[in-house]
Amino acid sequence: MTDETVLIYDGDCPFCSRYVAMVRLKEAIGPVNLVDARNGGDVVEQILAKGLDLDDGMVLLFNGDYYHGAECIHRLALLSTRSGLFNRLNALVFRSPTMSRVLYPVLRFGRNTVLRLLGRQKISA
């Protein structure tokens, strides 16, 4: 395990790709390794070995801890800067663990719907 900050996301999902591009983590916490889950690799294998389903959510590896799905988006909202409208809205909505748990399934449903409409398979397919 490493102390490196890693964010694993679905590179075929336009929402996921846009989100990781817009959230301002690097400015707040330093270097962040963005990993497209579809490209595999050691960190993706670690995630799968822990039993985390990448079709159920992104994963943030931060300070040796794994944050998945709603926990991930909540942690990202706490860690990112408040600069820019997107990041202020993201922090406002997802800094609450309850709101993150309530809204994350809606986001996941949107992701799955868009993938189907675009003819793209889920990661585990």
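Taken together, the values in this text are just the output of simple stated rules run on the coordinates, not laboratory data. Only a predicted model underlies this, so the values are computations on that prediction, with no experimental measurement involved. Note: ideal-geometry Cβ built from the backbone for every residue, glycine included; neighbour counts use all protein chains shown.
Count of the stretch 18-60 residues, restricted to those that are part of a helix (DSSP H, G or I), free of Cβ contacts under 8 Å to residues at least 24 places away in the same chain and either over 20 Å from Lys122 (Cα atoms) or among the basic types (Lys, Arg) (or both), is 3.
Among the residues of the stretch 82-102, those identified as within 17 Å of Ala70 (Cα to Cα) and in contact (Cβ under 8 Å) with a residue 12 or more places away in the chain are Asn87, Asn90, Ala91, Val93, Phe94, Arg95, Ser96, Pro97, Ser100, Arg101. For the stretch 108-115, the condition of being of a type in the set (Gly, Ala, Ser), under 23 Å from Asp12 (Cα atoms), assigned to a helix (DSSP H, G or I) and more than 13 Å from the chain's Cα centre (by Cα) holds for at least one residue. Figure legend. Inter-residue proximity from the stretch 104-125: first residues of a type in the set (Ser, Thr, Tyr), second residues in a loop (DSSP other than H, G, I, E, B), beta-carbon distance below 6 Å, spacing 6+ or different chains. Indicated pairs: Tyr104/Gly69; Ser124/Asp55.
Residues of the stretch 64-95 that are farther than 20 Å from Ser17 by Cβ, of a type in the set (Gly, Ala, Ser) and assigned to a helix (DSSP H, G or I): Ala91 alone.
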